[in-house]
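These notes concern the structure reproduced below.
The values are calculated or read from the model by the stated rules, or taken from the named source; none is laboratory data. Bear in mind the structure is a predicted one, so any value in this text is a computation, not a measurement. Note: accessible area is taken over every heavy atom of the protein model, side chains too, but ligands, DNA and RNA are not part of it. Shrake-Rupley method; radii C 1.70, N 1.55, O 1.52, S 1.80 Å.
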Amino acid sequence: MFKILRNSWALFLGMSLIMLAYGFQGSLLGVRAVQEEFSLTSTGFMMSGYFLGYFLGAKYITTIISRVGHIRSFAAFASFASVAILAHSIVINPITWFLFRVITGLSMASIYTIAESWLNDRSSNKNRGSVLSIYMIILYGSMGFGMFFLNFSAPENFEPFILISLLMSVALIPILMTKRKAPSFKSIQPMKLKELYKISPLGMVSALLYGIIQSALFSLLAVYAASMNFSIFEISIATFLLAVSGAISQWPIGKLSDIFDRRKVIVYSTFAAGIFAVCTIFASGQMYLPEGLSTPKTWFYVFLILFSFTSLPMFAIIMAHTNDYIPKEKFVVAGAGLQFVFGMGAMTGPLLCSIFMNISGLNGFWIFLAIFHFLIGAFGIHRMRVRETTENPDSQFTPMPESITPLGMELNPQAQPIAEPTRSFNEFRSSLERRLKQMNVFINLDKATSKDK
């Protein structure tokens, strides 16, 4: 573990700063949209821009990186993200914010791809699991703590936008100052949707529906809380609990999926998440009333934690379930296909959820999440009746963040083994020259010895 941190500290430090800014940014824009009196539909449309940009970036960014290089691409897109957030504070309307969110999504897709390809290059068959674990801790932990920056300054001020831009810019320093060479990688093309559905109908449909759930959840939770008159500190608590409890739940829920039929774990988890989403409606009570008249938020936080605990590990379980029906060498390709389907759903989640909230009221946020969780559960029950489960010794649960790129799927310890990094031609030539010089010395010594004799 120490060796991994020593060799990749610059990358991990840069990513932690970026995720602090990313976690802060999502909550800040949601709260500011409420204060600017954007309609719920406009807010959902604006927030969906990120997922559109991320979807496009994950699909095409490898071409850009292969032409420009890792470090230049990282610097360019981190700068784009830094400029985009500053632009939010200058031009305030849903349409321009949508465009800025698209730029942010494109930039984050590039940043994730570069980080994960770098980690792939640094990892071997022995330490991929440890590398992925550290990476996940940094993603979720930094994102969760970044949400507390909401208390730095009032969202209507420009200082929070400057702080996000500052964090993005500082994140460049450790990456650009590193001495290690950038890795090389090959582009990973996802499976065709028809082939992916044939392999695992439940995996593909669940990934699509869960993409809708996940994007709506992280985009609009702060909007919901702000509309319910939560204080800035209470909003930061809610978003922090969402991220951290979801990260903690990865291991226990995943362990259960390795012991029992994975489809049953998916069904039970998704139905539990739907039930807890409904429970938050009853717990909300009169929370929207002014202080002194509002009901306590304790039970709301409890049900939010339980919802996150059962909902957030689902993408990794869906991926493990899909791997149950394919050979080990196709794990990465199938994972890339699932990420593609997940992105298709994520593009529509915030907009659909905001429209539903506009029709049914603020608690329509939780009703929307519950409906799609129940849909996953119903389809899972149907598939259990149609198809028997199979045992695949190569398939095991591996915690995976939903934001992982197709390239990052290679970090899965159960995937096709990664070849040890090969030496470049220059390194090989210098090594050969040293050996030849050593051999020449030995030959000269032999000659000197024979003369003495």
Note to self: What number does the stretch 331-386 give for Rg over Rh if you use C-alpha atoms and the Kirkwood radius?
What the structure shows: 1.10
Margin query: In Å², and per residue, what accessible area does the stretch 246-289 have when probed at 1.4 Å with the other protein chains present?
Written below: 46 Å²
Next item on the list: Please compute the Cα-Cα pair-distance distribution of the stretch 274-372 with 5 Å bins starting at 0, giving whole percents from short to long.
Entry: 2, 11, 15, 17, 17, 13, 9, 7, 4, 3, 1, 1
Notebook entry, point to check: Can you give the accessible area per residue of the stretch 4-106, in Å², using a 1.4 Å probe?
Noted result: 38 Å²
Check: Taking only the alpha-carbon atoms of the stretch 191-262, what semi-axes of the equivalent ellipsoid follow from 5 times the gyration tensor eigenvalues under a square root, in whole Å, largest first?
Finding: 32, 18, 7
Checklist line | Rg [Å, one decimal], Dmax [Å, integer] - the stretch 1-105, C-alpha atoms | finding: 15.9, 50
Next item on the list: With a 1.4 Å probe and every protein chain kept in, tell me what percent of the accessible surface of the stretch 302-399 is carbon plus sulfur.
Entry: 65 percent
Note to self: Suppose we keep just the alpha-carbon trace of the stretch 198-310; what are its Rg and Dmax in angstrom?
What the structure shows: 15.9, 56
